[in-house]
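Student: Take a look at the following structure, please.
The values are calculated or read from the model by the stated rules, or taken from the named source; none is laboratory data. If you're wondering where the values come from, they're calculated on a predicted model, not measured in any experiment. With ideal geometry, Cβ positions are generated from the backbone for all residues, glycine too; neighbour counts draw on all protein chains shown. Protein only, heavy atoms only, side chains kept; ligands, DNA and RNA dropped before computing areas. Shrake-Rupley method; radii C 1.70, N 1.55, O 1.52, S 1.80 Å.
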Amino acid sequence: QVQLVESGGGLVQPGGSLRLSCAASGSGFSTYAMGWYRQAPAKQRELVARISSSGSTNYVDSVKGRFTISRDNAKNTVYLQMNSLKPEDTAVYYCNAARYTSSYWGQGTQVTVSS
């Protein structure tokens, strides 16, 4: 069992930056693939960025070059550094941990990009 707690969301102006954190409790964090997803109002949840247990990363095209996912296995934490934020990045951001058939979600953190 893995429990995930996101933090770091908030209100930011276009062009600004935020860093999201996701702290995991439970064993085996380093063996999980970790992902950040987002869901905007009236839209489906989408994968934003993912980092494998070996550190390989992939991103949705709309955030490439602006967002960076990273993990610190010693702290059981995954991060999402978001730069050059745009209004269309506004959404609830969720952390996910996945391994084999197991998948766990955090409660989400709101990110609002607005002037």
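Student: Taking the condition more than 10 Å from the chain's Cα centre (by Cα) and open to solvent by 60 Å² or more (accessible area, probe 1.4 Å), does A33 pass?
Tutor: Numbers: more than 10 Å from the chain's Cα centre (by Cα): yes; open to solvent by 60 Å² or more (accessible area, probe 1.4 Å): no.
No, not satisfied.
Student: Take the residues in the range 54-76 that are assigned to a loop (DSSP other than H, G, I, E, B) and among the polar types (S, T, N, Q); name whichever of them is surrounded by the most Cβ atoms within 10 Å (Cβ to Cβ). Give the derivation first.
Tutor: We begin by selecting, within the range 54-76, every residue assigned to a loop (DSSP other than H, G, I, E, B); these are 54-56, 60, 64-66, 73-76.
With the extra rule that they be among the polar types (S, T, N, Q), the set shrinks to 54, 56, 73, 76.
Numbers: S54: 7, S56: 9, N73: 14, N76: 19.
This residue is N76.
Student: Yes or no: R38 part of a strand (DSSP E or B), among the basic types (K, R) and either more than 14 Å from Q110 (Cα to Cα) or free of Cβ contacts under 8 Å to residues at least 12 places away in the same chain (or both)?
Tutor: So R38 does not fit the description; no.
Student: If you scan the range 8-30, which residues turn out to be open to solvent by 60 Å² or more (accessible area, probe 1.4 Å) and either among the aliphatic types (A, V, I, L, M) or not in a loop (DSSP other than H, G, I, E, B) (or both)?
Tutor: L11, R19
Student: Just to be sure, is L80 open to solvent by less than 50 Å² (accessible area, probe 1.4 Å), in a loop (DSSP other than H, G, I, E, B) and either more than 17 Å from V12 (Cβ to Cβ) or in contact (Cβ under 8 Å) with a residue 24 or more places away in the chain (or both)? Reasoning before the result, please.
Tutor: On the way: open to solvent by less than 50 Å² (accessible area, probe 1.4 Å): yes; in a loop (DSSP other than H, G, I, E, B): no; either more than 17 Å from V12 (Cβ to Cβ) or in contact (Cβ under 8 Å) with a residue 24 or more places away in the chain (or both): yes.
Judged against the criteria, L80 is not a match.
Student: Which one is farthest from the chain's Cα centre (by Cα) among residues in the range 83-107 that are open to solvent by 30 Å² or more (accessible area, probe 1.4 Å) and of a type in the set (A, V, I, L, M)?
Tutor: A98
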